[in-house]
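Everything below concerns the one structure shown next.
The values are calculated or read from the model by the stated rules, or taken from the named source; none is laboratory data. On a predicted model such as this, the values are computed, not experimentally measured, just so you know. Backbone-built Cβ (ideal geometry, glycine too); neighbour counts: all protein chains shown.
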Amino acid sequence: MSSITMWRSYFNVVFHQSATVVLTGNTGIIATPGVVHGGQALFPMWFLAVGTNQLTDETNVLTIDWYGDSTGRGGSIGTTTFDIMSAPPPASNAEDFEAWPGDVTAWNAARDMVPLPPFHKITHTLVGTTKSMEYTILISYTQLS
């Protein structure tokens, strides 16, 4: 008897959770959760970036550069750029939504069912007086199971 393959959807799953960041920086090239080491391809629908514990004068720009391998050989496949997240008064949260593949330059934004590349690097660019915040990137995706 053969098994039935089905598409399953998952919504707002944590893709990346930062520690407190106080300087502009990046994660370095890291494995994409659930994709490397025998994982099944993830087909994103969208990402949601949420900044927390920002002060009133703080902004953060998040980008995700996508790579085909862990060394970045050949350079970035493309980049997902989130809009500037600014802390609204009083200090609270800021969010930005990015459809997939969105502005990833290697793919046409109208294409559906583009899987996540196996490696990525997240860069955060902080502007403000105190420059202390955290961020979470959530992913909603479909996967064959």
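One residue stands out in the stretch 32-64 among those that are modelled with pLDDT under 85 and within 16 Å of Glu134 (Cα to Cα): the one that is surrounded by the most Cβ atoms within 10 Å (Cβ to Cβ), namely Gln54.
Of Ile29, Ile122, Ile139, which residue is farther than 28 Å from Thr5 by Cα, modelled with pLDDT of 85 or more and touching a Phe, Trp or Tyr at 6+ places or on another chain (Cβ under 8 Å)? Unique residue meeting the criteria: Ile29. Out of all the residues in the stretch 118-141, which are in a strand (DSSP E or B), among the polar types (S, T, N, Q) and either over 17 Å from the mean Cα position of the chain (by Cα) or farther than 27 Å from Thr71 by Cα (or both)? Once the filter is applied, which keeps residues that are in a strand (DSSP E or B), among the polar types (S, T, N, Q) and either over 17 Å from the mean Cα position of the chain (by Cα) or farther than 27 Å from Thr71 by Cα (or both), the stretch 118-141 yields nothing. With the requirement that a residue be surrounded by fewer than 20 Cβ atoms within 10 Å (Cβ to Cβ) and closer than 17 Å to Ile84 by Cα, what does the stretch 131-145 give you? Residues satisfying the conditions are Lys131, Ser132, Glu134, Thr136, Leu138. Being surrounded by fewer than 21 Cβ atoms within 10 Å (Cβ to Cβ), touching a Phe, Trp or Tyr at 6+ places or on another chain (Cβ under 6 Å) and modelled with pLDDT of 80 or more is a property that holds for Ile77.
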